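Notes to accompany the following structure.
The values are calculated or read from the model by the stated rules, or taken from the named source; none is laboratory data. Just so it is clear, the model here is predicted, and its values are computed rather than measured. As a convention, Cβ positions derive from the backbone with ideal geometry for all residues, glycine included, and neighbour counts pool all protein chains shown.
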Amino acid sequence: MNINNMNKYIFLCLTYLSAFALQSCYFSEDDIFDQSPSERVDLISSEYQKILTDAPNGWLMEYYPGGETHDIGGVVWLLKFSGEEVTVMSDSQVQGYDDPEPTLPGESVTSIYRITSEQGAVLSFSTYNSLIHYYSEPRGGFDADGFQGDFEFIITSATADEVHLKGKKHGTAMTMKRLPSDMDWTTYINDCQRIYNESAEYGTLVGFHGDAKFAPSAFAQENVITFSEQGEGGQLNKRKVSFAYTDKGIRLYEPTNINGQTLYEFKWNNADKTFYSTTNEHTMLRYVRPDDYVPIEFYTENDWELSYTFEFGMKDTVETVRFTRIEDTDTLKTKISAGNIKFDIKAIYNHTTGMLEFRTQYLNVVMLTLTTGENIDAYIYLCPWNDEAGTMYMTEKAGIVSHTTNMTPRELKFTDNGRTAGSELNGFVLYGFGGREMSSEKLGVLGTYNEITFKQKIQE
């Protein structure tokens, strides 16, 4: 959602509380250049379809949404093409905007595909498939691009073993690899899930080459590793690199150089909580608990001074808040003010890093009086945003995550959590909708919150 022009916002007035390159090893250019351009494309499209359907056990594709930066993580797809149908299985759970139930990891979904010749040969998943279109469908009235994924792909080249693709809209390069005939789909997905379940808890990583550290800080979350790199001036810069799970570990989107070490594919060892490079056994990413880690009780046993700017940065305020734990979960709640209303907002505690994360969430329904005098019910959501870009996100995992800026007393500020593409989130808005679903009428902004800081209050 782009809202650079603030006139596009309605501030809710509250009066009372409540290039085309084709190759193939199957035929030569001499065979086709006696034909018209459209006939040549049709012939090549037919050849590509034959390649896809001739793989008896299908294909492995590591799919990357996230637009040009493809920096929100990779997804495993297994695909089997037969006639005009394609059957897909994934390692990720998805639930489309209008899907009544989620599609779980290991469930297969069949739909229609076709190969068209509009921009050369284009592989199009032409009827709805929840595992595919989840990443490209709009997530609400303001969010036209969703996760900025593609469902149509220009085929740039193909052999019997590999099909190279480029997203038609976002341009991300991806590859489908022919699966061995004896590879069981369910076993592969289960192994990907096992690696995820074993390793996701150990997301704070340090890169070692032998005993030497080449990446002093790397944080893996939701199929993205954020590496810290040494800049030319000695400063630490952060870079997000997406990866997908394999049946043995993880594979980065592409070979990536981090502080002189080339990283690509890793094998997970659960015994010592380490990812070992498959090309250099001396290179590894190993779990190390961060120095600023605190248990969840640290938040509930202290009072906190919450400060932030509001009304598009024109005002600032400070208030004292407490966190309470929701039963035995890793979710905390606290309160935040919007005018004379206080809302409960939820923070996810990360038991690996000790940090807090605020994600998109429904808050409550309140009765408001507009400047016209009309009383309305407004369904209020917390939506992460970037105030400089004027970009608000309604996807469920979009959010901001804390980092420590002072140890004693503990002080936390917030940055993007790495689950959106194209914008660094640095705060959130409270936004009103006309109904419980975010697809309902858009009413306007109840409050904006930036430069958010939680500071521990030391007991006298």
For Lys50: the one exception among (1) among the basic types (Lys, Arg); (2) exposed (fewer than 15 other Cβ atoms within 10 Å of the Cβ); (3) within 14 Å of Asn129 (Cβ to Cβ): (3)
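Output the strands (runs of 3 or more DSSP E) that fall wholly within the range 289-401 and possess 2 or more residues being more than 23 Å from the chain's Cα centre (by Cα) and not assigned by TED's automatic domain parsing to the domain that holds Gly203, or say none. Step through it out loud before you land on a result.
Details: elements: 303-310, 315-322, 331-338, 341-349, 356-359, 361-369, 375-386.
Output list reads 303-310, 315-322, 331-338, 341-349, 361-369, 375-386.
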Please enumerate the residues belonging to the range 176-193 that are assigned to a loop (DSSP other than H, G, I, E, B) and either aliphatic (A, V, I, L, M) or within 22 Å of the chain's Cα centre (by Cα) (or both). Leu179, Met183
Inspect all residues belonging to the range 141-148 and state whether any of them is crowded, with 18+ Cβ neighbours inside 10 Å, modelled with pLDDT of 95 or more and either under 16 Å from the mean Cα position of the chain (by Cα) or within 18 Å of Pro65 (Cα to Cα) (or both). no
Criterion first (surrounded by fewer than 22 Cβ atoms within 10 Å (Cβ to Cβ), of a type in the set (A, V, I, L, M, F, W, C) and modelled with pLDDT of 95 or more) does Phe125 satisfy it? yes
Scanning for something surrounded by 13 or more Cβ atoms within 10 Å (Cβ to Cβ), of a type in the set (Asp, Glu) and more than 30 Å from Pro409 (Cα to Cα), does the range 250-263 turn up at least one residue? no
When the range 196-215 is examined, which residues are found to be within 24 Å of Val76 (Cβ to Cβ) and out of contact with any strand residue (DSSP E or B) (no Cβ under 7 Å at 6 or more places or on another chain)? Asn197, Ala200, Glu201
If only one of Ala173, Ala215, Ala160 is over 17 Å from Thr420 (Cα atoms) and under 18 Å from the mean Cα position of the chain (by Cα), which one is it? Ala173
Scope the range 208-254; condition in contact with an Asp or Glu (Cβ under 8 Å, 6 or more places away or on another chain), among the polar types (S, T, N, Q), assigned to a strand (DSSP E or B) and at pLDDT 85 or above; matching residues: Ser242
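Out of Arg325, Arg359, Arg289, report the one residue that is over 21 Å from Thr448 (Cβ atoms), of a type in the set (Lys, Arg) and either modelled with pLDDT of 95 or more or buried (at least 17 other Cβ atoms within 10 Å of the Cβ) (or both).
Numbers: Arg359 fails: over 21 Å from Thr448 (Cβ atoms); Arg289 fails: either modelled with pLDDT of 95 or more or buried (at least 17 other Cβ atoms within 10 Å of the Cβ) (or both).
Residue meeting the stated conditions: Arg325.
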Within the range 89-110, can you find the residues that are out of contact with any Gly (no Cβ under 9 Å at 6 or more places or on another chain), over 13 Å from Tyr134 (Cα atoms) and surrounded by 14 or more Cβ atoms within 10 Å (Cβ to Cβ)? Pro105, Gly106, Glu107, Ser108
Of all residues in the range 62-88 being assigned to a loop (DSSP other than H, G, I, E, B) and crowded, with 23+ Cβ neighbours inside 10 Å, the one that is nearest to the chain's Cα centre (by Cα): Ile72
Yes/no for Glu311 being acidic (Asp, Glu) and modelled with pLDDT of 95 or more: no
